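Colleague: Got a structure for you, written out below as structure tokens; questions coming shortly.
The values are calculated or read from the model by the stated rules, or taken from the named source; none is laboratory data. Nothing here was measured: the structure is a model prediction, and the numbers come from that model. Neighbour counts are summed over all protein chains in view; Cβ atoms, including those assigned to glycine, are modelled from backbone coordinates with ideal geometry.
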Amino acid sequence: MRPILLCMQSHELLREVYDRANAKQVAAELGLSLSLIYKWAEPTEATGSGAMNPLDRIEALVKCTGDVRVVQWLCERAGGFFIKNPAAMWPHPHYLIPATNQIVQEFADLLSVIAKAAADNQISPPEAASIRARWEDLKSVTEGFVRCCEQGNFTPLKREAEAVAAGKGKHAAA
């Protein structure tokens, strides 16, 4: 599967999807006309004859509401998860050690929740929910760190470290 790049337009992605899938079957399963399905794979700009497709609508919904839960829900339905990329800024990376310690602490917290839940050799639905919540926290912290490393962008790590030091951050001691 080819990676999706920010420069790829939604209609281009749909065109690639239709190359692999049967557009007639897609239209039938969605209860839509085949012509609409194909219009989604055309540009909607002044020169194109395409129609606003579901991907563009989801993007517009997130932009106008500022709520990424729509994307989170969609990612979960597709068997994945959504992690928002940190904003790009380029200060000196001297907050790496506290950030790596934070990842280790998040992992330790996850293991603690798992150990407590499994102590009686069974895991209840509330315990499973607690494990899931800690796992999501660990994924989020780790993905944020990796993105900062890839981009040389350590401002989010600095801000979080400062917030924790001030007792205001989401990872400050309770």
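Colleague: Hey, does the stretch 136-145 have a residue that's touching a residue at least 24 places away in the same chain (Cβ under 8 Å) and more than 24 Å from Cys75 (Cα to Cα)?
Modeller: no
Colleague: Sticking with this one: Checking the conditions here, which among Ala133, Ala173, Ala163, Ala128 is closer than 24 Å to Ser112 by Cβ and modelled with pLDDT under 75?
Modeller: Matching residue, one of Ala133, Ala173, Ala163, Ala128: Ala173.
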